[in-house]
1. Taking the range B:56-70 as the search range and keeping residues that are modelled with pLDDT of 90 or more and buried (at least 21 other Cβ atoms within 10 Å of the Cβ), which one is farthest from B:K301 (Cα to Cα)?
2. Do any residues in the range B:4-15 that are without any contact (Cβ under 8 Å) to a residue 40 or more places away in the chain have Cβ atoms under 6 Å from those of residues that are aliphatic (A, V, I, L, M), where the two are at least six apart or on different chains, and which pairs are they?
3. Assess whether C:V72 counts as being among the β-branched types (V, I, T), away from chain B (no Cβ under 12 Å) and within 30 Å of B:V101 (Cα to Cα).
4. Just to be sure I understand the filter: pairs with C-beta atoms under 9 Å, separated by 6 or more residues or on different chains, first member in the range C:299-312 and facing chain A (nearest Cβ under 7 Å), second member polar (S, T, N, Q). Which pairs pass?
5. Of the numbered conditions (1) within 8 Å of another protein chain (Cβ to nearest Cβ); (2) closer than 30 Å to B:I106 by Cα, B:K365 satisfies every one except a single condition; which is it?
6. Would you mind finding the one in B:K76, B:K2, B:K114, B:K70 that is more than 30 Å from A:T115 (Cβ to Cβ) and assigned by the TED database to the domain that holds B:D170?
7. Against the conditions (1) at pLDDT below 75; (2) not in a loop (DSSP other than H, G, I, E, B), where does C:S193 fall short? Just the number, please.
8. What about A:A291, is it among the small types (G, A, S), buried (at least 16 other Cβ atoms within 10 Å of the Cβ) and either under 30 Å from A:G200 (Cα atoms) or at pLDDT 80 or above (or both)?
Amino acid sequence: MKNQITNALSNFFFEYETPRQVLVRNRRVGVVCRLIQLLVLAYIIGWVFIYEKGYQSTDTAVSSVFTKMKGVGYTKVDGRESVWDVADYVFPPQGDSSFVVMTNYIITEGQMMKTCPEVCKMLHFCALFSLFFPLKSEAKFSVGVIRQMTGMCVNETHTCEVLAWCPIEDDRKIPDPPLLMSAENYTLFIKNSITFPLFGVTSNLVESVDAKYISQCLYDPKDSPLCPIFRLGDIVNLSGFNFSTIAREGGAIGIVVDWTCNLDLDVKKCKPKYNFHGLYGNPNETDKARASVGYNFRYAKHYMEDSKEKRTLLKVFGIRIDIIVQSLARKFDIIPTLTAIGSGVGIFGVATVVCDLVLLYLLPKREFYKNMKFKYTETHEEVS
Amino acid sequence: MKNQITNALSNFFFEYETPRQVLVRNRRVGVVCRLIQLLVLAYIIGWVFIYEKGYQSTDTAVSSVFTKMKGVGYTKVDGRESVWDVADYVFPPQGDSSFVVMTNYIITEGQMMKTCPEVCKMLHFCALFSLFFPLKSEAKFSVGVIRQMTGMCVNETHTCEVLAWCPIEDDRKIPDPPLLMSAENYTLFIKNSITFPLFGVTSNLVESVDAKYISQCLYDPKDSPLCPIFRLGDIVNLSGFNFSTIAREGGAIGIVVDWTCNLDLDVKKCKPKYNFHGLYGNPNETDKARASVGYNFRYAKHYMEDSKEKRTLLKVFGIRIDIIVQSLARKFDIIPTLTAIGSGVGIFGVATVVCDLVLLYLLPKREFYKNMKFKYTETHEEVS
Amino acid sequence: MKNQITNALSNFFFEYETPRQVLVRNRRVGVVCRLIQLLVLAYIIGWVFIYEKGYQSTDTAVSSVFTKMKGVGYTKVDGRESVWDVADYVFPPQGDSSFVVMTNYIITEGQMMKTCPEVCKMLHFCALFSLFFPLKSEAKFSVGVIRQMTGMCVNETHTCEVLAWCPIEDDRKIPDPPLLMSAENYTLFIKNSITFPLFGVTSNLVESVDAKYISQCLYDPKDSPLCPIFRLGDIVNLSGFNFSTIAREGGAIGIVVDWTCNLDLDVKKCKPKYNFHGLYGNPNETDKARASVGYNFRYAKHYMEDSKEKRTLLKVFGIRIDIIVQSLARKFDIIPTLTAIGSGVGIFGVATVVCDLVLLYLLPKREFYKNMKFKYTETHEEVS
């Protein structure tokens, strides 16, 4: 018994089976098949390996972004000069990857909690409204907006009195030109650090560019594509907006930092590319076509005066900048390589099947080839 | 020599090899093998291609989210009426994808930096503590919390004096019902723009829905599943919470915007789906089972009064909303298609191997088939 | 005709073709081939299946993070004692995944909008500058920074008057030691919830750790690697920084929460690992080598005094903490399993091709084997 097993094992190791094949010497079939096989080979080598880099595995990065704005704005409204520094015009102040630069505002100073007439936004509606609802203490204007009404209506404004922060903000007219046109010259510094966890590669621009260069440079798509300092006006122009339009009503811009890296090359060649685009609405469309124009939010500064709580309300129009890190690293890996080769061999098999179909069903001498290729077991075995 | 090479080359091109095969006419083996082969074929076509769409490559999106709350809250505490607008109840104000809507608060007004007795949170412990530590100027209460103690202890409160913002906040009792129950009617507008970089497709809801529709609609899972305006009460209910519970102690809700798109179809069919779920703790669990209930943070408004710095401290209980964009786009791609076909052919090969095992080792006439399939080179060759 | 089809169909189902093979009884070729085949088998089973878990499909999570700092800081500057609580030292206050803990600051109190001389940062340059630009009302200092100059220059400071928030901040000297060294003992609580959408698995630490444990524990890499409460000093040390250095000038630290889960095992084994690393610049490098040292931002508290708007400007130096969730779940899936098997069979085919090349071109008896393997169709067929 033991002898038998060792015999079988030695047979298994010293033998080797290889398929028997028919070598068909037929020009037409030969050319067709070789062409199909060459095509498959060209696809596997050219497309999968060279073009799509099928021998590499891919990874996306975890990243961290920190921003810093610089620049001082200047306004002169009703003869009052003001200077706006970073602490005044960036929201939030701590350098997030998504932030807003104020470019225009409607200020309502000295608001207190008391009753006052509402601002009429649609004149005829207001007049009508004040007739019908003078005594109702609570009225629903639109979804989710409930005003505390006192029941008193004022004829001059055609609106009713409400309990609110008074005087009520009048945002019917947006300042034009925008008050902080000087924002065009602000600069934005982007610090971006990425890590590809699968490959253990960490990169940040700071490593590849020295401190002296950064202290002097300014981003330019052609001349200094690696400088991480951007002029706000350039960002707006590169994303296809007009600065004075976006500054007036606000808008959202995405700065895509694209780290597409081939880590088979030197890691130092792994450098970011910057793309700029408007995030909401098409900047080339007319204003009416857009579902929602502009970007604004309200912000209040609270203070006490004469022991009463007051606030200064700012309706801030600004450029919201989202820094979006997009990353794709590729590196040689044995698994995708062998998977590609293995499935390529499979497709080779498909080529043989196609050729066999031609040989056995389409050629005039198909019966001859069938006999060459196949050997039949006798049919009578089933009968007996 | 040259002749030889051209000869070999022409032979190579005009020849074509195809494996010789035995056609086994055995019903049992035939049926078994055909069934296995049909199963493999059904798997490749049905599962890999149709069900899992193995002919498509996939991509996830880079996205940008901007939110806007609307609505006015109203409180009447100790006879003092107040109105709360967006600038007062949304943190942070600038429309981030993650924000907090205040629904309840504990306010401590007029805090100044001076010494005052602590608030006693555990009565017996406090009395004990004031006996043992009356003269220590610095005491560690719990990890990381060091109070600056003056050494004076107060009998009425059973606590010692500390240097702190005084009066010290007393948060032992959370207002119930929550002060801003009106938050239920606030509305949330979500602006979401996504880009699939691999396929070069950009989409935002604004394009597929017109401005007029957005100005009127309100999200409803059945009737208007595409409307990007949500009532806060609906969001809370859809995520399985009870509004008055979550409003009292706070909580975190995730709004998942799901862009699962088949880009082989029309891009216009690529529309978001909204899912709502509580982020921490199971809303159906009892309060005790949860490791950490509620959501709150402290927020201070600083002001000057009589040349002294004071602040109003708000312990804010609120609904934290995280908008999470989840995306998966699929599009036809030649590489995964051919990889699937290639590895399918490989699995076909496995089917043949299984059938051969049956034929050569299990059938009674196995020796006969072995002779049909194999041709042996004489063993003596090794000997000679 | 119908008879013919059913006949062909029954033939198809009851027949089965298997390739005819030559069993080469040659020790050298046999051993080589078996070894190659065993290598391929070992690669497929050992590497693809066991090591790389090729039978599993992968998914990354959507996650939500919420943080809470605890601790009180204490400063004594110019004899004035102050206490700093969470509302004072965390920016933003609402518990985001990215936030700043203030550890040092330069405070400029009582700033008003008026004219005052600038602070001279480079003495010689300032003197020169005040000579050349005394009458110019607007001067460009550096990219993006435009000062509104009055034209008056002051000899004592060697600078010119500007319209600005006065007194102008003097940030030439950073307080050393840092004012809030007590920040070392603050604690950070991280609440993290993740969902793997493909597998429908949701996890958060709160589920696997009970409330009582969380209320007492403190993270330690060895003893309590699952405790989500971290001492700030530990975080700084674990990321390779020196606390007093980073506290003085600020810095950025990434806390990577790593959820690498094998979902074929129990979901309860899916637990996070925490890694800490400095985000910008290498902590071991000298200060000069880094392109940009430190982390700071400016923050203003506005107030009214005597009906005039004033502000307290804080230049905040702090530790910015980014919580980065990195996730990879794996689970058995039939598609990658069969793809791996299929392409493995393909690579087996490559092994046979290699052996055939040895057999047919390298062995001395190659002509003999060629005749065994191949059967030629007569060449004259093409001629006739």
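The values are calculated or read from the model by the stated rules, or taken from the named source; none is laboratory data. All of these numbers come straight from a predicted model, not from anything done at the bench. Every residue, glycine as well, gets a Cβ built from its backbone with ideal geometry; the counts of neighbours run over all protein chains shown.
1. B:T67
2. B:E15/A:L23
3. Spelling it out, it is not the case that C:V72 is among the β-branched types (V, I, T), away from chain B (no Cβ under 12 Å) and within 30 Å of B:V101 (Cα to Cα).
4. Hits for this filter: C:Y299/A:Q94; C:A300/C:Q111; C:A300/C:T312; C:H302/A:T312; C:H302/C:T312; C:Y303/C:T312; C:M304/A:T312.
5. Evaluating B:K365 over (1) within 8 Å of another protein chain (Cβ to nearest Cβ); (2) closer than 30 Å to B:I106 by Cα leaves (2) as the failure.
6. Result of the check over B:K76, B:K2, B:K114, B:K70: B:K114.
7. Unmet for C:S193, out of (1) at pLDDT below 75; (2) not in a loop (DSSP other than H, G, I, E, B): (1).
8. So A:A291 does not fit the description; no.
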